[in-house]
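The values are calculated or read from the model by the stated rules, or taken from the named source; none is laboratory data. Quick caveat, the model's predicted, so the values are computed rather than measured. Cβ: placed from backbone, ideal geometry, glycine included. Neighbour counts: every protein chain shown. SASA here: full protein model, heavy atoms, side chains in, ligands and nucleic acids out. Shrake-Rupley method; radii C 1.70, N 1.55, O 1.52, S 1.80 Å.
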Amino acid sequence: MPEITAVSSFSARIVERLSVGATSRRERVIHSLDGLETPVHPGTLAHTGADLWHLLQKQVPDGLDSVDFLLGLDAGGILPTVSLAGAAHLPYKIAWKLHLPLDGAVRFSEPHAMRTDVFAYGIAPGQRIVIVDDEITTGRTLADLTRRLHEAGAVPLAAVCLVEDTTRGARDLLTDLGLPLVSLTTIEGAA
């Protein structure tokens, strides 16, 4: 399996998934914040959030002073969202695979998942949002979310992830939508 170049103490790699369903990906990116292989110290979480915030400020310098909130994707996006929110002192929301009777619902799709419908709530016109996830492979989930946020009148400013698979065209897809992608590290996945 391919390995990646680590940034500070952050590391990631691809492992083959066992018992995979027909629509699920055969591989999974595991990383040093997910707690799968080793326990995660709270300082590591804080340090990773600070690294993400510095990269975001460097690569997307305009508009970050007016971010309304971070929007993290369940379940993998929760830890990087919380760590980035702490470092940037920004509020956050999480998009969940829960269809609830709440205002401002934006429905988008995670095509490679067993349950594909994901919902973000409390989305209103003019809100300036940074999207956060743990990994990005094809970019289709973030692209669909970006389109749906635009339809709701919100303004996605950037996407931030811990690990970017550079072999599947996610960056180009998001760039075509006008959404900068900031990644802590990259990996060349199994294409």
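What residues qualify as long-range amide H neighbours of H112, i.e. H under 5 Å apart, gap of 5 or more or another chain, H built at 1.01 Å from N?
none
Which percent of the Cα-Cα distances in region 53-102 go past 17 Å?
Working: 500 of 1225 pairs.
The share of Cα pairs beyond 17 Å in region 53-102 comes to 41 percent.
Once phi is turned into ³J(HN,Hα) by the Karplus curve 6.51 cos²θ - 1.76 cosθ + 1.60 with θ = phi - 60°, what whole-Hz value does each residue of region 54-62 show in order, with x for glycine and proline?
Calculated HN-Hα couplings, in order: 5, 5, 4, 4, 6, 8, 10, x, 9 Hz.
In terms of the ratio Rg/(2.2 N^0.38 Å) built on C-alpha atoms, what value belongs to region 115-191?
With N residues counted in region 115-191, Rg over 2.2 N^0.38 Å equals 1.09.
What does DSSP give for the chain in terms of the percent of beta bridges that are antiparallel, rounded to the nearest 5?
Details: 12 of 34 bridges.
Antiparallel bridges make up about 35 percent of those DSSP assigns within the chain.
Could you look at the chain and say what percent of its accessible area is carbon and sulfur, using a 1.4 Å probe and all protein chains?
C and S fraction of accessible area: 54 percent.
So for region 30-128, what percent of the C-alpha to C-alpha distances run longer than 24 Å?
Within region 30-128, distances greater than 24 Å cover 32 percent of Cα pairs.
Each residue of region 152-164 in order: what ³J(HN,Hα) in whole Hz does its phi give by Karplus 6.51 cos²θ - 1.76 cosθ + 1.60, θ = phi - 60°, with x for Gly and Pro?
Once rounded to whole Hz, the list reads 7, x, 7, 10, x, 8, 6, 10, 10, 9, 6, 10, 10.
What does the accessible area per residue of region 144-187 come to in Å², with a 1.4 Å probe and no ligands, DNA or RNA counted?
Values: 1580 Å² over 44 residues.
On a per-residue basis, 36 Å².
Do any trypsin sites (Lys or Arg not before Pro) in region 62-116 lie in a loop, going by DSSP, with at most 14 other beta-carbon atoms within 10 Å of their beta carbon, and if so which?
R115
So what's region 47-191 giving for Cα Rg divided by 2.2 N^0.38 Å, two decimals?
Compactness ratio reported: 0.95.
What length, rounded to one decimal in nm, is gained on full extension from V155 through to D176, with 0.36 nm per residue of separation minus their alpha-carbon distance?
6.0 nm
Just from its helices, what would the mean residue ellipticity at 222 nm be for the chain, if runs of 4 or more DSSP H residues each count -39500 (n - 2.57) and the sum is divided by every residue, rounded to the nearest 500 deg cm²/dmol?
When only DSSP H runs of four or more count, the value is -8000 deg cm²/dmol.
When you have a sec, figure out the Kirkwood radius of region 70-131 from all distinct Cα pair distances and drop it here in Å to one decimal? All intermediate terms of the calculation are to be shown ahead of the outcome.
Details: mean 1/r = 0.0817 Å⁻¹.
One decimal place: 12.2 Å for the Kirkwood radius.
Could you order peptides 98-105, 52-59 by the average number of other Cβ atoms within 10 Å of their residues, highest first? Don't skip to the answer; put the middle values down first.
On the way: 98-105: 10.5, 52-59: 16.5.
The peptides rank, most packed first, as 52-59, 98-105.
Roughly what would the spin-label model give for E37 and D74, points 7 Å off Cα along C-beta, in nm?
For E37 paired with D74, the spin-label model returns 2.8 nm.
Provide the per-residue ³J(HN,Hα) series for region 142-150, in order, calculated from phi with Karplus coefficients 6.51, -1.76, 1.60 and θ = phi - 60°, each as a whole number of Hz, with x at glycine and proline positions.
With coefficients 6.51, -1.76 and 1.60, one gets 5, 5, 5, 4, 4, 4, 5, 5, 4 Hz.
Per residue, what accessible area does region 55-113 have, given a 1.4 Å probe and all protein chains present, in Å²?
Solvent-accessible surface per residue comes out at 52 Å².
Pop a pseudo-label 7 angstrom from the Cα along the beta-carbon direction at both R26 and A50 and give the gap in nm to one decimal.
Those two pseudo-labels are separated by 4.1 nm.
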